[in-house]
Amino acid sequence: MYFCIKYFMIKLLNNFFYIGGVHFVRIPHSGLEQRTYLDGDIVELTIRLAIFAILIIFSGFFVATEFAIVKVRATRIDQLVEEGNRKAIRAKKVIDNLDEYLSACQLGITITSLGLGWLGEPTIAKILHPLFEMMGLNVEATAVAVISFIIAFSIVTFVHVVAGELAPKTLAIQRAEWVTLNFAGTLVGFYKLMYPFIHFLNLSARGLSRLFGLKPVTENENAHTEEELRMIMADSLKSGEINHSEFEYVNSIFEFSDRTAKEIMVPRTEIISFDKDLTVKEIFEVMGVEQYTRYPIIDGDKDHVIGLVNLKHLLTAYIKDPVNGDKPVMEYMQPVIRVFETIPISDLLLKIQQERIHMAILMDEYGGTSGLVTIEDIIEEIVGDIQDEFDEDEIPEVQEISEGHYIIDAKLLLDEVNDMLGTNIDEEDIDTLGGWFLTKRFDAVEGDSFEFEGYEFKVKELDGHHILYIEVMKLNEETDEILLGNMDELKQPIEE
């Protein structure tokens, strides 16, 4: 290999210039041309170029390794270690001591860069000087030196940046796992070789940081905030790495811990409950209409919930012996969870799992019942609406009639309304759209409306003082003109 490189270098140099004032001499020979040349200069130049190429390779190695060990997923390396991959064992050692091995990469990049600067420019300049003489450029020696330096510096910089920096970085980003597994062993060897120097540099850096009152922060201590994770998920969705359902699930998980039971409860006014003195047969009549699985049992009113009853238990008892249909429901009553209405739903879910009771009664600050929450209500906050065979007639919370025209369940949270409409409805003590509407129109009747941030909000359906649905319509220029026209028509008779 050495002689091949040497042969081609001699051929290149002999075609363009002479070294040390001695011309290359061609001697006819069958098949190949014999050359006499200055062995010392050619060998020196060949060695310099070979070292230059080796330094470029080492620079690429350290750059690629630095990017790869930062980008590779630690969980994937752990999985490979469990599968018995020997390369993964070395890679895990590097990732577990990321700061130290990043310092090794940075030291290697610095050494190779200094070596390229020290060796590359003079070597290229040495090739250019005879080339200028062969071209017959009648330029002063100082000018030739300056031109040679500029050209040599440009060539070395180009080769270093492209072959020693950018290309290895691209490789590491696209194939981080492969680079980490195959380069980790060499990096560990370099780290052991240079350990005293790397350790000294790290201590010096920490000491310098303390002089400026800075606390040393290691790379693996940097964590992503919730917003950063959302942005990462959004980028993954755009690139096709995850689908829209997965994206929505993760977003729901982030919002899950911020939600309270009060925000997802079935309000007191909508609770279907049974008095403790009712018989099983009497309860069956109501169950056939309401079609729920569990019902609260009350003692007089809804502020005194004493337990719950499960339809499955009642049916089982009745099938075993129809006489059980005449028994009071209290004989089949189970305990119910009672919690304060502001409890986070994550804590409530844990309590439900521990006590294995799938319904919780929420109390307000006065000790009365404000609503109830079931396990289904909590799970729906993550996966969305869950409909069973009894929910065929269930109306969705948001019905889109046309673009900018909606019929919305009055129980929909204000945060969700703001996200959907792009509005900024902010009421500290109000959670739902219906509650917010009542703060604007306390004696609201069906058809009442008002405008807010380019939308018209109108009561669509009312049950007593309880707003069920609100119609929301985006106001545009045409709508405004119609409203103004109607106002003008109303004014005309008055003016006459």
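The values are calculated or read from the model by the stated rules, or taken from the named source; none is laboratory data. All values reported here derive from a predicted model rather than from experimental measurement. Don't worry about glycine lacking a Cβ; one is built from the backbone with ideal geometry, like all the others, and counts go over all protein chains shown.
For the reader, a short list of remarks on this structure follows.
- Residue satisfying all of: in the range 94-135; within 16 Å of Ser148 (Cα to Cα) and among the acidic types (Asp, Glu); modelled with the highest pLDDT among these: Glu121
- Number of residues in the range 213-227 that are within 20 Å of Phe67 (Cα to Cα) and modelled with pLDDT of 70 or more equals 1.
- Residue match in the range 70-83 (condition: at pLDDT below 80 and of a type in the set (Asp, Glu)): no
- Pick from the range 440-470, criterion under 39 Å from the mean Cα position of the chain (by Cα) and in a loop (DSSP other than H, G, I, E, B), ranking: nearest to Tyr406 (Cα to Cα): Gly454
- Residues located in the range 416-439, provided they are of a type in the set (Val, Ile, Thr) and part of a loop (DSSP other than H, G, I, E, B): Thr423, Ile425, Ile430
- Yes/no for Phe254 being assigned to a helix (DSSP H, G or I), without any contact (Cβ under 8 Å) to a residue 60 or more places away in the chain and closer than 19 Å to Ile375 by Cα: yes
- Cβ-Cβ distances below 6 Å connect the following pairs, each with a first residue in the range 329-355 that is surrounded by fewer than 18 Cβ atoms within 10 Å (Cβ to Cβ), a second residue that is modelled with pLDDT under 90 and among the small types (Gly, Ala, Ser), and a separation of six or more residues or different chains: Ser346/Ser257.
- Residues considered: Val383, Val417. Of these, the only one that is at pLDDT below 85 and within 36 Å of the chain's Cα centre (by Cα) is Val383.
- Contact annotation: no residue pair with Cβ atoms under 9 Å, 6 or more positions apart or on different chains, pairs a residue in the range 85-105 that is over 14 Å from Glu66 (Cβ atoms) and not assigned by TED's automatic domain parsing to the domain that holds Val72 with a partner that is in a helix (DSSP H, G or I) and not hydrophobic (A, V, I, L, M, F, W, C).
- Qualifying residue in the range 197-207 (condition: on the phi > 0 side of the Ramachandran plot and surrounded by fewer than 13 Cβ atoms within 10 Å (Cβ to Cβ)): no
- Test: Glu82 is buried (at least 16 other Cβ atoms within 10 Å of the Cβ), of a type in the set (Asp, Glu), in the same structural domain as Val162 (by TED's automatic domain parsing) and within 29 Å of the chain's Cα centre (by Cα): no
- In the set Asp303, Asp321, only one residue is more than 27 Å from Ile430 (Cβ to Cβ) and acidic (Asp, Glu); that residue is Asp321.
- With respect to the conditions (1) exposed (fewer than 13 other Cβ atoms within 10 Å of the Cβ); (2) within 17 Å of Leu372 (Cα to Cα), Asp303 falls short on a single one, namely (1).
- When residues in the range 464-473 are screened for being under 16 Å from Pro267 (Cβ atoms) and touching a residue at least 60 places away in the same chain (Cβ under 8 Å), 3 of them pass.
- The single residue among Ile375, Ile352, Ile361 that is farther than 26 Å from Glu461 by Cβ and touching a Lys or Arg at 6+ places or on another chain (Cβ under 6 Å) turns out to be Ile361.
- Yes/no for Gly447 being touching a strand residue (DSSP E or B) at 6+ places or on another chain (Cβ under 8 Å), assigned by TED's automatic domain parsing to the domain that holds Ile467, surrounded by fewer than 19 Cβ atoms within 10 Å (Cβ to Cβ) and among the small types (Gly, Ala, Ser): yes
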